[in-house]
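In what follows, a single structure is set out as structure tokens and then discussed.
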Amino acid sequence: MEKRVADLWVTEYQTKNMRLGLRIKEVLCNKDTPYQHLLVVDTLEYGKVMLLDGAIQITEKDEFTYHEMMAHILMCSHPNPRRVLVVGGGDGGTVREVVKHPSLEKVYLVDIDEEVINASRRYFPSVSCELDNEKVEIKPMDAIQFIKERKDFFDIVIVDSTDPVDFAEGLFKRDFYSDVFHALRQDGMMIAQTESPFAEADIVKDAYNEMSKVFPIVKMCWGAMPTYPTGMWTYTIGSKGPDPAKPLRDVPAKTKYYSRSLHEASFVLPGFVVQLLKGE
Ligand code: SAM
């Protein structure tokens, strides 16, 4: 009889009726933090993967597509980005991209869960590599509270959050967008990850509509993100003035996904997304 080997897989329920399975080599961390369930596994297809409450946050293989979009769309279209806030983003991937820009004076990383930051430092050195940069200040706290205490302070706010459940729900609401608006200086802009139009059409539409009630200019762009539900990901931007679709400079360092032409192209929305935003 042939020797049998047990098969280990991690399953993410991307929607109630859709799941992504990855064969795993090893479970590296499996625990409850004070805020959420934290799982880090080493997979055959995507390298190390972090899941929070069962939802994939980052994989070593594809995290760059998401983090480069989150950081460079606004860092390249703001006239002079000096002070930046990253909401969530405890893995450090967005911060790693933001510090590539020489105009940056300070980036604040506000993640509610310090254990996400610690896990990224331990298991994802290529993602967390800039967390000790002297321009980075880490604040382990609820960003909904943090933002209320800052007025006319940031040039850019990047909302790199988990899905809108529990303590992240408020990050997708008009009150939060309004607090962000007041925390931004003149010419300030915010960008938020706003999910997939195939898997979560209501979240995409609601985020766009809520932001439109607060910001004079609201635009959406999109990109590939293979391990997020359906692989098509949207980013919604609220601006006090600058046009986020118009890059003013290149990234002065190596990128693997972002380029000036991709920046411009990412604002061309497929027809069904345009219809979704119009409520048709
Ligand atoms: N790229 C990821 C995605 O779209 O799935 C997000 C990655 S990042 C790890 C998300 C972080 O948001 C988590 O570490 C979580 O702790 C943090 N977060 C969620 N709600 C928050 C809040 N209200 N204040 C601060 N951080 C929050």
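What follows is calculated from the coordinates using simple rules that are stated; it is not laboratory data. Remember, predicted model here, so these are calculated numbers, not experimental data. Methodologically, a virtual Cβ is constructed for each residue, glycine included, from the backbone with ideal geometry; neighbour enumeration extends over all protein chains shown.
Of the beta bridges in segment 40-167, as assigned by DSSP with both residues counted there, near 35 percent are antiparallel.
Taking every C-alpha pair closer than 8 Å and separated by at least 6 residues, the mean separation divided by the residue count of the chain gives a relative contact order of 16 percent.
Can you tally the net charge around ALA245? Count Lys and Arg as +1, Asp and Glu as -1, for every other residue whose Cβ sits under 13 Å from the Cβ of ALA245.
+1
In debye, nearest 20: dipole of the chain around its Cα centre with unit charges on the Cβ of K, R (+) and D, E (-)?
My answer is approximately 660 debye.
For a protection proxy built on the mean count of beta-carbon atoms within 10 angstrom, sort 268-277, 242-251 highest first, please. Before the final figure, lay out each step's value.
Details: 268-277: 13.9, 242-251: 16.7.
Descending mean neighbour count gives 242-251, 268-277.
Note on LEU74, LEU131, LEU44: ascending count of other Cβ atoms within 10 Å places them as LEU44, LEU131, LEU74, the fewest first. Measuring between alpha carbons in the structure, the pairs from LYS25/LYS256; LYS61/LYS135; LYS219/LYS240; LYS106/LYS139; LYS3/LYS48; LYS139/LYS205 lying more than 23 angstrom apart are LYS25/LYS256; LYS61/LYS135; LYS3/LYS48; LYS139/LYS205.
Sorted on the mean count of surrounding Cβ atoms within 10 Å across their residues, most packed first, peptides 45-51, 191-197, 78-84, 101-107 read 191-197, 45-51, 78-84, 101-107. Packing order of peptides 223-229, 139-145, highest average first: 223-229, 139-145 (average count of other Cβ atoms within 10 Å over each peptide's residues).
The distance separating the Cα centre of segment 1-72 from that of segment 175-190 comes to 33 Å. Over the residues of the chain, the helix contribution to mean residue ellipticity at 222 nm works out to -7500 deg cm²/dmol, using -39500 (n - 2.57) for each DSSP H run of at least 4. Here the 3J(HN,Hα) profile of segment 98-109, calculated from phi with Karplus coefficients 6.51, -1.76 and 1.60 at θ = phi - 60°, is 4, 6, 6, 9, x, 5, 5, 9, 8, 10, 9, 10 Hz, Gly and Pro shown as x. Count the DSSP beta bridges whose two residues both fall in the chain, then state the antiparallel fraction as a percent rounded to the nearest 5. Of the beta bridges lying entirely in the chain, close to 65 percent run antiparallel.
What's the magnitude of the charge dipole for segment 9-59 around its Cα centre, counting Lys and Arg as +1 and Asp and Glu as -1 at the beta-carbon? Answer in Debye, nearest 20.
100
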